[in-house]
Amino acid sequence: MIKILKYSFYDLMRSRWSYVYFLFYLLLGFVLLFLNNELSKAVITLMNVIIVLVPLIGTIFGVMYYYNSKEFTELLLAQPIKRSSIFLGQYFGVAGSLTMSLVLGLGIPFALYGLFESNAIWDFSLLLITGAFLTLIFTAVAFNIALSNENRIKGFGYAVLAWLFLAVIYDGLFLMSLIVFEEYPLDSFSLVATMFNPIDLSRTLILLKLDISALLGYTGAIFKQFFGTNLGLVISICTLLLWTIIPVWRLGYVAKRKDF
Amino acid sequence: MGKISVLVGFVLLLFGNHLWARTITVCNTCEVKTIKEGVAVAADYDTLLIKKGTYREFNIQVNKPLTIIGENYPVIDGEDQGEIFTIVSNNVTIDGLYIINVGTSYTSDYAAIRVVKSENFLIQNMVLEKLFFGIYLEKCKNGEVYNNKVIGDAVDEYNSGNGIQLWYSQNIVVKNNIVQHVRDGIYLEFSDNITIENNISSDNLRYGLHFMFSNDDIYKNNTFENNGAGVAVMFSKRIKMLGNTFKKNWGAASFGLLLKEINDAEITGNSFEENTIGISIEGSNRINYSKNNFIKNGWAIKVRGACYTNTFIHNNFMYNSFDLAYNSNLNDNIFEENYWSNYTGYDLDRNGTGDIPYRPVKLFSYIVNRTPETIILLRSLFMDIIDFSEKVSPVFTPDELVDAKPLMKKIK
């Protein structure tokens, strides 16, 4: 598995797209800091980017890589190698290189701009951690979709749809249900609904740092416990971990049984 | 020569009491062993010098003009029995005592120091701990309260008192005090022409500073931090609030500053940081807000209604979750030349103000007002999209509520 991971990783490292992705974040980081001249505002803008763009790129990259390396995968399948190590190796290769581009691309400009002396460092590292999680989750989801769909166009379509659903539509439905059922106590419902969407979950995690004063304006006791103590942070991170593990596990499970 | 000696003689006669005032020393081994005894034997304008030691006394009534000075902070322990000092005379000075264990009562407001119907008093350098009420000024005039430290141990609102309370008092200066862990840090009721300056009021159960029915007061350069709610100004006129800091007042009904039925006030140069609500305004008219900083608040300003002809000019609104919440469609308030960190416009003619107006009220703040649980969708892409569409064609938010000249750079 390590060998395949290494191979995929180096393959991607050599490819143009990783560089483009890396350079994009590098540029974004510098431009943000150059234009704003202030770390805390840059962190807010960056949050929007991470929550929207990182999942999208993870999804598209994952699907593309799976379909592109399909012939190579089939070649590997003919060899006496465990199936799960082929797919997991590829998955970790892609996700690893994307995460590295993200962390380095954003980390370098912020580090040069005096992040370590600033107290925004916790917000920023939390941002990078959620970014890394989102990359891992959405690449895994993309691999799952690609594995289940032989048809490339269909697979691609489903993957983008999955992103669109989680990034935008889910929140719309969420909001509508909150407004429709506003007569009922909704605080536990809204927290649970957040758990079912990794994008919302990462957003909540960042809100805990950035907008805590607004969040505490709501009266519900469950909200208060969730946001006012470390409970929220712990639960959110655990759920994100769960969100990573489940698709990766399914990837290995399906790959083992699939008839190529 | 003759004239001068007559004059000197006259002056001496006039101020004789002052010049030949005695100093009475009170200590555990002295002739005078208790403060009560000291007050009893003293003549007008004498000085009581209280040496270091512990004095278990309460209900000390100061009924003549005296100067009571503590040396190295003598402890006056009320043993939870009642009030410690009650001042009922003019021209009293109390300086440098450490008062502890004031009695708690549900029927009378026991205070560490109560001043009743007196003038020209000075209370300074006191340390008050474990108290019910701290310094209670009742129908007083022309007094000064300086450099005191009031540290309570309040847990519940119903059985705790206020740090410094002014009731029907006038022309009082409250300066450089520290008030912590009481119900209301500083409380004013029916008190006019009061100056409150450089105080630090923090960790109080209810308000850092509380005004009721008090007019023409000034408070400046105070710090209000981590109170149940920062400052409540209610039913008062012509109040000046200058250069204060309101910080970290978090909670469901919490705010940096609450204005309720306030008219003709001036709010300038204050800083509101990390409060759930920076300023909550209700039924307040003709107020000028200028040069204030609103940083990282949940809501910088929440306008609840019946607020007319207020002007907001040259303020900085930075990184607030919501800049402004409004619950009506009417707007009679002016927002002009403020700096909004959320402003996304441009300045092509380079005159320092943005070319397109800024709309501080977002649709989302409306939704949150209606269904508070939706706060969890803060900063989501979906919300940004509907906020954007509302910005392009306002339906729910007041159409004319705009800052037509948003500044491009923040005001220093």
Could you pull out every one of the helices (runs of 4 or more DSSP H) wholly within segment A:183-260 that has 2 or more residues that are under 14 Å from residue B:376 (Cβ atoms) and of a type in the set (A, V, I, L, M)? A:187-195, A:198-210, A:212-215
Can you name every residue in segment B:340-398 that is small (Gly, Ala, Ser) and closer than 22 Å to residue B:301 by Cβ? B:341, B:345, B:354, B:365
Assuming residue B:99 fulfils every condition listed in (1) surrounded by fewer than 24 Cβ atoms within 10 Å (Cβ to Cβ); (2) out of contact with any Phe, Trp or Tyr (no Cβ under 6 Å at 6 or more places or on another chain) apart from one, which condition is it? (1)
Counting only residues that are under 18 Å from residue A:190 (Cα atoms) and among the polar types (S, T, N, Q), which one in segment A:223-260 is surrounded by the fewest Cβ atoms within 10 Å (Cβ to Cβ)? A:229
Scanning segment B:318-350 residue by residue, the ones that are of a type in the set (Phe, Trp, Tyr), in a strand (DSSP E or B) and either touching a residue at least 60 places away in the same chain (Cβ under 8 Å) or away from chain A (no Cβ under 12 Å) (or both) total 4
Output for segment A:16-31, where each listed residue is modelled with pLDDT of 85 or more and either under 18 Å from the mean Cα position of the chain (by Cα) or among the aliphatic types (A, V, I, L, M) (or both): A:20, A:21, A:22, A:23, A:24, A:25, A:26, A:27, A:28, A:31
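Each row is one residue, and each column tells you yes or no for (1) assigned to a helix (DSSP H, G or I); (2) more than 14 Å from every other protein chain (Cβ to nearest Cβ).
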{"site": "A:45", "(1), (2)": "yes, no"}
{"site": "A:50", "(1), (2)": "yes, no"}
{"site": "A:54", "(1), (2)": "yes, no"}
{"site": "A:67", "(1), (2)": "yes, yes"}
{"site": "A:71", "(1), (2)": "yes, yes"}
{"site": "A:79", "(1), (2)": "no, yes"}
In segment B:241-248, is there at least one residue being in a loop (DSSP other than H, G, I, E, B) and within 14 Å of chain A (Cβ to nearest Cβ)? yes
Listed residues B:246, B:211, B:255; which is assigned by TED's automatic domain parsing to the domain that holds residue B:161 and at negative phi? B:211
Given the options A:101, A:177, name the one that is among the polar types (S, T, N, Q), within 14 Å of chain B (Cβ to nearest Cβ) and assigned to a helix (DSSP H, G or I). A:177
Among the numbered conditions (1) closer than 29 Å to residue B:378 by Cβ; (2) more than 10 Å from every other protein chain (Cβ to nearest Cβ), tell me where residue B:269 comes up short. (1)
Taking residue A:170 and the conditions (1) over 16 Å from residue A:233 (Cβ atoms); (2) of a type in the set (Ser, Thr, Tyr); (3) more than 9 Å from every other protein chain (Cβ to nearest Cβ), which numbered condition does it fall short on, given that it satisfies the others? (3)
So which residues in segment B:390-409 are among the polar types (S, T, N, Q) and touching an Asp or Glu at 6+ places or on another chain (Cβ under 8 Å)? B:397
With respect to residue A:35, is the statement that it is surrounded by fewer than 15 Cβ atoms within 10 Å (Cβ to Cβ), within 14 Å of chain B (Cβ to nearest Cβ) and assigned to a helix (DSSP H, G or I) true? yes
Count - residues of segment B:199-209 that are of a type outside the set (Gly, Ala, Ser) and either surrounded by fewer than 24 Cβ atoms within 10 Å (Cβ to Cβ) or modelled with pLDDT under 90 (or both): 4
Could you check segment A:192-215 and list, in sequence order, the residues that are buried (at least 21 other Cβ atoms within 10 Å of the Cβ), within 21 Å of residue A:171 (Cα to Cα) and over 17 Å from the mean Cα position of the chain (by Cα)? A:210, A:211, A:214, A:215
In segment B:82-110, what count of residues is obtained for those that are within 13 Å of residue B:130 (Cβ to Cβ) and modelled with pLDDT of 90 or more? 7
For segment B:358-389 the number of residues that are at the interface with chain A (Cβ under 9 Å from one of its Cβ atoms), without any contact (Cβ under 8 Å) to a residue 24 or more places away in the chain and among the hydrophobic types (A, V, I, L, M, F, W, C) is 9
Search result, residues across segment A:62-93 that are of a type outside the set (Ser, Thr, Tyr), at pLDDT below 90 and touching a helix residue (DSSP H, G or I) at 6+ places or on another chain (Cβ under 8 Å): A:76, A:77, A:81, A:83, A:86, A:87, A:88, A:89, A:90, A:92, A:93
Could you please tell me which pairs satisfy a Cβ distance under 7 Å, a separation of 6+ or placement on different chains, a first residue in segment B:288-307 that is surrounded by fewer than 24 Cβ atoms within 10 Å (Cβ to Cβ), and a second residue that is of a type in the set (Ser, Thr, Tyr) and in a loop (DSSP other than H, G, I, E, B)? B:295/B:319; B:296/B:319; B:305/B:328; B:307/B:284
Filtering segment B:386-410 down to residues that are touching a helix residue (DSSP H, G or I) at 6+ places or on another chain (Cβ under 7 Å) and either within 16 Å of residue B:354 (Cα to Cα) or assigned to a helix (DSSP H, G or I) (or both) yields B:386, B:387, B:390
Name the single residue, out of those in segment B:218-233 being surrounded by fewer than 24 Cβ atoms within 10 Å (Cβ to Cβ) and in contact with a Leu (Cβ under 8 Å, 6 or more places away or on another chain), that is nearest to residue B:264 (Cα to Cα). B:218
Is it fair to say residue B:44 is surrounded by fewer than 16 Cβ atoms within 10 Å (Cβ to Cβ), acidic (Asp, Glu) and at pLDDT 90 or above? yes
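The values are calculated or read from the model by the stated rules, or taken from the named source; none is laboratory data. Note that the structure is predicted; figures quoted are calculated from it, not measured. For neighbour counting, all protein chains shown are included, and Cβ atoms are generated from backbone atoms with ideal geometry for every residue, glycine included.
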